[in-house]
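The values are calculated or read from the model by the stated rules, or taken from the named source; none is laboratory data. Predicted, not measured: the structure shown is a model, and the values here were computed from it. A quick note on method: Cβ atoms are made from the backbone with ideal geometry, for glycine too, and the neighbour counts reach across all protein chains shown. The protein model used for the area step is the full one, side chains on, heavy atoms only, and it has no ligands, DNA or RNA in it. Shrake-Rupley method; radii C 1.70, N 1.55, O 1.52, S 1.80 Å.
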Amino acid sequence: MILDVTGLRVELDSGTPVIEGLDLRLAQGEVLGLVGESGSGKSTTALALLGYARPGTAITAGDVTVSDRPLLRLEESARRRVRGDLVSFVPQDAARALNPALRIGAAILDVAPRARTADILQAVDLPETAARRFPHQLSGGQQQRVTIAMALAGQPPLIVMDEPTTGLDVITQAGILGEIRRLKDELGAAVVYVSHDLAVVSQIADRIAVMYAGAVVEQGPAAELLARPRHPYTRGLVQSIPDHASPRRLTPMQGTAVGVEDRPTGCSFAPRCAQRTPECDTAKPAPVLVSPVHQVLCRHADRTPPIELGAPHAAAPTARRGLLAVQGLRAGHGRGRTVVAADGVSFELSAGECLALVGQSGSGKTTIARCLAGLHRPDAGTITLDGVPLAARARDRSAEQRRRIQYVFQNPHESLNPRRRVADEVARPARVLRGRSRDAARAEALDLLDLVRLPRRTAGLYPDQLSGGERQRVAIARALAAGPEVLICDEVTSALDVSVQAAILELLADLRDELDLAMLLITHDLGVVAVAADRVAVLERGVLCETGQVADVIRAPAHPYTQRLIAAAPTLRERP
């Protein structure tokens, strides 16, 4: 075995366990998918495999053995020396992991001899010229390939990857996954692939370990576990994943994941479980073997029903009131607008309709959305709302026009005011744009927190006291507080766990039906497009190359670029 983890326990300084009694094994050339939602402990586990614990935590029990070397029994100085040789780490955010002041070649020299730089870059399909560039001169996918290259430099037997493709478009993501497959096939590397996305994990993992509340609740061969999950949590995850190959209404799990300090005495999943019995509330379950290679931490695993997919997704009726129209939009960046982000873009959006705008990073999706909101001045073209032309800049539009078009940004960490409590942040649009009193706006804010599945205690917290997914839900609630008619959603689910994503997508679908809300959905996830949108517009380098009903485009894409996008998109099921 390359990796053997037994009885791993990681605690907070208070003594509260974050990880408890965790066992994992991994053979040479094998990929283990470690999946779970925020707070499940998967990233803490990933760092523990390097013998490392974040400040405020400590590894207090268990063994982590890599290639017969007991990491946790080594002194910290010795442990640091063997990192990179025995086990290496690929972080989620490559841009932050790379030193912006160092050229790529210089960064690689920190972990490998100069003579090997070209070979290391070639191993991840990067040209030798990349060594002379700074990180900001590379795309997100190229930056991630550099971090993988650096992890490979010492040719370690074990590589730990923490969400290495999150936020990447499907074509770039497919390239990264291809590199990982090649690493395990050609170099025999064992890989622990940490992710919250089961569809991505299904493309690469031999086995999957599902984590919840600091424990592995199910572990087994990937195909078997995904086809017939035996833990109710795993089943809930699978039913929450949008899949373009089978566009159906999602079935969100009830409740929310428990925090580290809030874990119950018995089974941690019991508060959300439809199979619970009184003993589930009082005693922790023991592992149950479904087969010699499939283990479940559930005393009622035999009661877990098969996966039940939701009803097929139905597009909204086409005969609806036209609301927003874009004609001949052209927009660029830089001095003299030398970089054209959108060129001759035209489309319409009706009340109650969802139009998805898809394409690779840099295709112009966000620039177009910002033009609609008055946050980016277009160079040409017109934008009309109910037949009335909109000013190019938001500051030149009326308060009513600003109210009617609301924007939910991709990064809620930057879009929320860090000095304003959640309740005040959510209530502000109702006060400023709708003239609500302070008390009325606050009451509406609490109701909106319920809608986006946030506990009401969140109202008194600041954004930095929330997780990334919680901040995104606050941003959605804030946009809804204005009572908009057009909601622009810029990758709003990319930071969310799959169960929360399913709930948010269902919420947005309900709001469209109840309020006749029009939505422009910007995403790189074709699964989200398939279950949430009525029509899709595909962008390639700022030009619309294909537009049509979602089902038609996914089933029979006409443009070669659309065909590439769909071929690269991960799916849990057979392609149509």
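Of the residues 154, 188, which single one is open to solvent by 30 Å² or more (accessible area, probe 1.4 Å), in contact with a Gly (Cβ under 9 Å, 6 or more places away or on another chain) and among the small types (Gly, Ala, Ser)? The unique qualifying residue is 154. Considering 54, 81, 25, 9, the condition of being open to solvent by 40 Å² or more (accessible area, probe 1.4 Å) and either within 22 Å of residue 153 (Cβ to Cβ) or among the β-branched types (Val, Ile, Thr) (or both) is satisfied by 81 alone. Scanning the range 218-236 for residues that are open to solvent by less than 10 Å² (accessible area, probe 1.4 Å) and of a type outside the set (Gly, Ala, Ser) yields 218, 225, 229, 231, 233, 234.
In the list 471, 453, 478, which residue meets the criterion of being farther than 27 Å from residue 566 by Cα, modelled with pLDDT of 90 or more and not hydrophobic (A, V, I, L, M, F, W, C)? Can you show your working first?
Working: 471 fails: modelled with pLDDT of 90 or more; 453 fails: modelled with pLDDT of 90 or more.
After applying the criteria, what remains is 478.
Based on this model, can you work out whether residue 370 counts as over 18 Å from residue 325 (Cβ atoms) and either open to solvent by 50 Å² or more (accessible area, probe 1.4 Å) or without any contact (Cβ under 8 Å) to a residue 60 or more places away in the chain (or both)? It is false that residue 370 is over 18 Å from residue 325 (Cβ atoms) and either open to solvent by 50 Å² or more (accessible area, probe 1.4 Å) or without any contact (Cβ under 8 Å) to a residue 60 or more places away in the chain (or both).
Of the residues examined, residue 404 is one that is in contact with an Asp or Glu (Cβ under 7 Å, 6 or more places away or on another chain) and among the basic types (Lys, Arg).
For residue 186, the conditions (1) under 24 Å from residue 224 (Cβ atoms); (2) free of Cβ contacts under 8 Å to residues at least 60 places away in the same chain are fulfilled apart from (1).
Just the residues that are open to solvent by less than 30 Å² (accessible area, probe 1.4 Å) and at pLDDT 90 or above, please, taken from the range 292-318. Result: 294, 296, 298, 300, 301, 304. Residues that are crowded, with 16+ Cβ neighbours inside 10 Å and over 22 Å from residue 83 (Cα atoms) within the range 97-117 comprise just one, 103.
Quickly run through the range 319-350 and pick out the residues that are modelled with pLDDT under 90 and among the hydrophobic types (A, V, I, L, M, F, W, C). If you could, list the steps in order and put the result at the bottom.
Narrowing the range 319-350 to residues modelled with pLDDT under 90: 319-322, 332-343.
319, 339, 340, 341, 342, listed by residue number.
Checked against (1) part of a helix (DSSP H, G or I); (2) crowded, with 17+ Cβ neighbours inside 10 Å, residue 443 passes all but a single condition, namely (2).
So which of 13, 4, 63 is within 25 Å of residue 186 (Cβ to Cβ) and more than 23 Å from the chain's Cα centre (by Cα)?
Matching residue, one of 13, 4, 63: 4.
Return the residue satisfying two criteria in turn: it lies in the range 509-541 and is within 18 Å of the chain's Cα centre (by Cα) and open to solvent by less than 10 Å² (accessible area, probe 1.4 Å), and of such residues it is modelled with the highest pLDDT. The qualifying residue modelled with the highest pLDDT is 521.
Being among the charged types (D, E, K, R) and modelled with pLDDT of 90 or more is a property that does not hold for residue 145. Looking across the range 480-508, just one residue is open to solvent by 10 Å² or more (accessible area, probe 1.4 Å), under 20 Å from residue 445 (Cβ atoms) and under 14 Å from the mean Cα position of the chain (by Cα), and that is 500.
For residues that are over 15 Å from residue 487 (Cα atoms) and not in a loop (DSSP other than H, G, I, E, B), tally how many sit in the range 366-380.
Within the range 366-380, the first condition is being over 15 Å from residue 487 (Cα atoms), and the residues that meet it are 367, 376-380.
From what is left, the residues that are not in a loop (DSSP other than H, G, I, E, B) are 367, 380.
Summing the residues that are over 15 Å from residue 487 (Cα atoms) and not in a loop (DSSP other than H, G, I, E, B) in the range 366-380 gives 2.
Among the residues examined, residue 560 qualifies as farther than 30 Å from residue 259 by Cα, touching a strand residue (DSSP E or B) at 6+ places or on another chain (Cβ under 9 Å) and surrounded by fewer than 19 Cβ atoms within 10 Å (Cβ to Cβ). Those helices (runs of 4 or more DSSP H) of the range 1-102 in which 1 or more residues are more than 28 Å from residue 172 (Cβ to Cβ) occupy 42-48, 76-82. Residue pairs whose Cβ atoms lie under 6 Å apart, separated by 6 or more positions or on different chains, with the first residue in the range 102-125 and over 20 Å from residue 180 (Cα atoms) and the second assigned to a helix (DSSP H, G or I) and among the small types (Gly, Ala, Ser), are 104/130; 104/131; 105/131.
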